[in-house]
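*Asks:* One structure, pasted below without further comment.
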Amino acid sequence: MAEARQVPPDPLTAFPGRAEVVQPDPPLSRLPRVGVVLAAGRSERLASVTGGGSKVLLRLGGMSLVERAVRSLLSAGLERVVVVVGHDAGPVATVVGRLGRDRVRVVYADRWADGNGASLAAVQGEVLGQALFVLVTADHVFGEGGLGRLLGAGEPAVLIDPAPGTLAWAEGTRVRVVDGAVVGFGKHLDEPAIDCGAFLLPPEVFDCQRQAATDSDHTLAGGVTRLAQTRPLRAVALPAGCWWQDVDTPYDVLAARVALRRSLSKDADGPVSRLLNRPLSTRLSMVLAPLRPAPDLVSLVAFGLGLAGAALLAAGQGLAGGLLVHASSVADGVDGEVARLQLRGGPRGALLDGVLDRVGDAVILAGLGLWALDGYDARGVLVLTVAATTGALLSMASKDRAAALGLRPAPERALGWLLGGRDGRLLLVAVGAVLGAPVAALAAVSATSALSLGLRVAFLRRSPAA
């Protein structure tokens, strides 16, 4: 939560004990339909970076903080998002206005300078009739899936980091948790957990905010603390392995960029992608992000590099062909990374990428086979080419089929060391081409693809369904 003021006395002592807490009524809807993004603050600590403008216009991964917050909520399935503006309201409203007028609305908070509690008060009329609404602050950036547990809580809740780093704890708003419920917020609290600036709130929070304002506490922390003492707020822990970053200082901006880039890798990445391709592709994606390239266009570029490499291989140009094949392997990761950076991933893009990958593999192996015909037995080369192509296609198809059938995933990270995945397969082709050994490359691809396929099928047949 951004910038909660320190209150010398502990405000929790003024409230009744947990035994008198009123239990919440059953929620009218398990999933919220409306989200609120607080984007009104000034943040003087970032003035050297923003030049006095709003920090929510800072760009990370080619997208401003406020746009990233709005798109995160929309992609999570919310029907409407309300953005509260204040400082530098015109430029912020202009950016938000491009995100879809039918689903995104801007509200100006007249008293935004009083604190983020005053920003919350400005949206009361926008969430009328909602049993619960999501509230996030625009200067908090979350990794993929960071908000999922909170959105599915089905009751008033707050997203917390139970084990933050030292710097995050020192800067963050600490939370007091009793029996799984949050009972207080404040920078003055000596508690290990901090909130992540994301809440699932009922309409009662507006009355609580007014009570806090009456006591000259215009912070969001003051309002939700009073709410927590009358209606339990479930403590929802940040998913394991998921990152988040509160952007308040120039150091935070750098840390958020690094975390965002590192999050572009996938758990199922093989060793070639993890150790060789991703360090290149993620940096390339971050450079390309400000240009906002369409992910499908990047897929076509990667496919074109593969076709060019195949043509050079067929012509016997091993060095150039091998380098282009590996370049296509690196570029193949950029399309998905760009889609995740722009929150534009979807089944249509994944389908196109999968089709192009399979066609590209077949063409590259065919080019390798044509090169191998020069000086080698034609029948043997044909058998190896067909075996390599079949193994490559079946290896990918078996993994996709298992996912479609809901089977328990095979240990792909371990299988990746066999180099039977696409990243390993294209590396074998590239190395064999550079060394001038097309037949050895075909044999290696055939063997690793067949071994990976066999082990995957054996695992899937023996393991229970998910």
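The values are calculated or read from the model by the stated rules, or taken from the named source; none is laboratory data. Computed from a predicted structure; not experimentally measured. Virtual Cβ from ideal backbone geometry, glycine too; neighbours counted across all protein chains shown. With ligands, DNA and RNA removed, areas are computed over all heavy atoms of the protein, side chains included. Shrake-Rupley method; radii C 1.70, N 1.55, O 1.52, S 1.80 Å.
*Asks:* Output the helices (runs of 4 or more DSSP H) that fall wholly within the stretch 276-352 and possess 2 or more residues being within 21 Å of residue 362 (Cα to Cα), or say none. So that I can check it myself, show each step before the final result.
*Replies:* Values: elements: 278-288, 295-314, 318-341.
Once the helices (runs of 4 or more DSSP H) in the stretch 276-352 are filtered for at least 2 residues that are within 21 Å of residue 362 (Cα to Cα), what remains is 295-314, 318-341.
*Asks:* Considering each residue of the stretch 237-266, count those that are within 24 Å of residue 208 (Cβ to Cβ) and either touching a Cys at 6+ places or on another chain (Cβ under 9 Å) or in a loop (DSSP other than H, G, I, E, B) (or both), and give that number.
*Replies:* Result for the stretch 237-266: 1.
*Asks:* Of the residues that sit in the stretch 232-262 and are of a type in the set (D, E, K, R) and open to solvent by less than 40 Å² (accessible area, probe 1.4 Å), which one is modelled with the lowest pLDDT?
*Replies:* Only one residue tops the list, namely 248.
*Asks:* Another question, then. Can you tell me which residue is farthest from residue 462 (Cα to Cα) among those in the stretch 398-412 that are in a helix (DSSP H, G or I) and in contact with a Pro (Cβ under 8 Å, 6 or more places away or on another chain)?
*Replies:* That would be 403.
*Asks:* Return only the number of the condition from (1) modelled with pLDDT of 95 or more; (2) more than 15 Å from residue 33 (Cα to Cα) that residue 83 does not satisfy.
*Replies:* Failed condition: (2).
*Asks:* Considering the stretch 253-269 alone, what residues qualify as being over 30 Å from residue 54 (Cα atoms) and more than 12 Å from the chain's Cα centre (by Cα)?
*Replies:* If we filter the stretch 253-269 for residues that are over 30 Å from residue 54 (Cα atoms), which is where we start, we get 265-269.
Matches in the stretch 253-269: 267, 268, 269.
*Asks:* Take residue 374 and decide whether it is without any contact (Cβ under 8 Å) to a residue 60 or more places away in the chain and crowded, with 24+ Cβ neighbours inside 10 Å.
*Replies:* So residue 374 fails the test.
*Asks:* Scan the stretch 361-369 and tell me whether some residue there is within 19 Å of residue 299 (Cα to Cα), within 29 Å of the chain's Cα centre (by Cα) and surrounded by 14 or more Cβ atoms within 10 Å (Cβ to Cβ).
*Replies:* For the stretch 361-369, residues within 19 Å of residue 299 (Cα to Cα), within 29 Å of the chain's Cα centre (by Cα) and surrounded by 14 or more Cβ atoms within 10 Å (Cβ to Cβ): present.
*Asks:* Quick check on my filter: what residues within the stretch 118-155 are of a type outside the set (A, V, I, L, M, F, W, C) and either touching an Asp or Glu at 6+ places or on another chain (Cβ under 7 Å) or under 14 Å from residue 34 (Cα atoms) (or both)? Spell out how you get there, then give the answer.
*Replies:* First, the residues of the stretch 118-155 that are of a type outside the set (A, V, I, L, M, F, W, C): 119, 124-126, 129-130, 137, 139-140, 143-146, 148-149, 152, 154-155.
Listed by number, the residues that qualify are 124, 125, 126, 129, 130, 139, 140, 152, 154.
*Asks:* Without any contact (Cβ under 8 Å) to a residue 12 or more places away in the chain and over 16 Å from residue 246 (Cβ atoms): does that describe residue 125?
*Replies:* Considered against the rule, which asks whether it is without any contact (Cβ under 8 Å) to a residue 12 or more places away in the chain and over 16 Å from residue 246 (Cβ atoms), residue 125 comes out as yes.
*Asks:* Would it be correct to say that residue 369 is assigned to a loop (DSSP other than H, G, I, E, B) and small (Gly, Ala, Ser)?
*Replies:* no
*Asks:* If you take the residues of the stretch 70-82 that are among the β-branched types (Val, Ile, Thr) and outside any helix (DSSP H, G or I), which of them is surrounded by the fewest Cβ atoms within 10 Å (Cβ to Cβ)? It would help to see each step written out before you state the result.
*Replies:* First, pick out the residues of the stretch 70-82 that are among the β-branched types (Val, Ile, Thr): 70, 81-82.
Those still in the list that are outside any helix (DSSP H, G or I) too: 81-82.
Numbers: 81: 25, 82: 23.
Within the stretch 70-82, the match that is surrounded by the fewest Cβ atoms within 10 Å (Cβ to Cβ) is 82.
*Asks:* In the stretch 142-205, which strands (runs of 3 or more DSSP E) lie fully inside it and hold 3 or more residues that are modelled with pLDDT of 90 or more and under 18 Å from residue 227 (Cα atoms)?
*Replies:* Working: elements: 157-161, 174-178, 181-186, 194-201.
Ranges flagged: 157-161, 174-178, 194-201.
*Asks:* Of the conditions (1) crowded, with 19+ Cβ neighbours inside 10 Å; (2) of a type outside the set (Val, Ile, Thr); (3) under 20 Å from the mean Cα position of the chain (by Cα); (4) more than 27 Å from residue 411 (Cα to Cα), residue 293 clears all except one; give me its number.
*Replies:* With respect to (1) crowded, with 19+ Cβ neighbours inside 10 Å; (2) of a type outside the set (Val, Ile, Thr); (3) under 20 Å from the mean Cα position of the chain (by Cα); (4) more than 27 Å from residue 411 (Cα to Cα), residue 293 is out only on (1).
*Asks:* While we're on this one: Could you tell me which residue of the stretch 434-464 is nearest to residue 372 (Cα to Cα), considering only residues that are open to solvent by 40 Å² or more (accessible area, probe 1.4 Å) and of a type in the set (Lys, Arg)?
*Replies:* Ranking the qualifying residues of the stretch 434-464, first place goes to 461.
*Asks:* Sticking with this one: Quick one: is residue 119 at pLDDT below 90, crowded, with 18+ Cβ neighbours inside 10 Å and under 24 Å from residue 212 (Cβ atoms)? So that I can check it myself, show each step before the final result.
*Replies:* Numbers: at pLDDT below 90: no; crowded, with 18+ Cβ neighbours inside 10 Å: yes; under 24 Å from residue 212 (Cβ atoms): yes.
So residue 119 fails the test.
*Asks:* Quick test for you: out of 85, 136, pick the one residue that is without any contact (Cβ under 8 Å) to a residue 60 or more places away in the chain and open to solvent by less than 40 Å² (accessible area, probe 1.4 Å). Let's see the steps before the verdict.
*Replies:* Details: 136 fails: without any contact (Cβ under 8 Å) to a residue 60 or more places away in the chain.
One residue alone meets the criteria, 85.
*Asks:* Of these, 149, 105, which one is open to solvent by 10 Å² or more (accessible area, probe 1.4 Å) and in contact with a Leu (Cβ under 9 Å, 6 or more places away or on another chain)?
*Replies:* Numbers: 105 fails: in contact with a Leu (Cβ under 9 Å, 6 or more places away or on another chain).
Criteria check complete, one pass: 149.
*Asks:* While we're looking at this one, here's another question. Say we look at the stretch 113-145 and pick out the residues that are of a type in the set (Gly, Ala, Ser) and touching a Cys at 6+ places or on another chain (Cβ under 7 Å); which of these is farthest from residue 254 (Cα to Cα)?
*Replies:* Result: 145.
*Asks:* Is one or more of the residues making up the stretch 453-461 small (Gly, Ala, Ser) and not in a helix (DSSP H, G or I)?
*Replies:* Going residue by residue through the stretch 453-461, those that are small (Gly, Ala, Ser) are 454, 458.
Among the residues that remain, those that are also not in a helix (DSSP H, G or I) are: none.
No, the stretch 453-461 has no match at all.
*Asks:* Which ones in the stretch 44-69 are more than 17 Å from residue 260 (Cα to Cα) and open to solvent by less than 10 Å² (accessible area, probe 1.4 Å)?
*Replies:* Within the stretch 44-69, 46, 54 qualify.
*Asks:* Moving on. Tell me, please, whether a residue that is open to solvent by 40 Å² or more (accessible area, probe 1.4 Å), free of Cβ contacts under 8 Å to residues at least 60 places away in the same chain, more than 26 Å from residue 127 (Cβ to Cβ) and within 28 Å of the chain's Cα centre (by Cα) can be found in the stretch 193-205.
*Replies:* No, the stretch 193-205 has no match at all.
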